Amino acid sequence: MSSIIECIRTVGRGERGRKPLNFEQAYQVMDEYLDGQVGDDQMAMLLMLIRVQNETNAEIAGFVKAFQSRVPDLGADIDWPCYAGKRASAGKLGTCLRQRS
């Protein structure tokens with residue numbers, strides 16, 4: 001069974017009960033999504049909950065690693081941070097790929 005429901009419960013418990021996903025949880029749920037085991041609506045709900053609570057480095061790193069594992073020879077030289085988070089400190093999260101010339 002997909003881990004999406006448990007991840008939604010983890011991040012959607014409210015302000016006091018919410019816990020961020022760890023790297024492994026984020027990797028697993030994104031890998032399942034990319035494999036077609038998780039629906040778009042479920043993934044959208046999870047990402048919205050994560051966004052409202054401010055993404056953590058571990059969550060973003062897990063998502064990025066899942067993408068990278070699917071496309072190991074993408075032809076990118078570097079992963080360049082380009083995420084525009086809600087806070088100035090969140091700007092270091094996320095990734096964009098620069099294509100080789």
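Values in this text are rule-based calculations from the coordinates and carry no lab data. Computed from a predicted model, the values in this text were never measured in an experiment. Because the Cβ atoms are built from the backbone with ideal geometry, glycine has one as well, and the counts that use them run over all protein chains shown.
Place +1 on the Cβ of every Lys and Arg and -1 on the Cβ of every Asp and Glu in segment 1-46, take the dipole about the Cα centre, and give the residue among 12, 42, 27 whose Cα lies farthest towards its positive end.
Towards the positive end, the residue furthest out is 12.
Report, in debye and to the nearest 20, how large the dipole of segment 1-46 comes out about its Cα centre when Lys and Arg carry +1 and Asp and Glu carry -1 on their Cβ.
420
Sort 39-50, 58-69 by the packing proxy (mean of other Cβ within 10 Å over each peptide's residues), most packed first.
Highest to lowest by the protection proxy: 58-69, 39-50.
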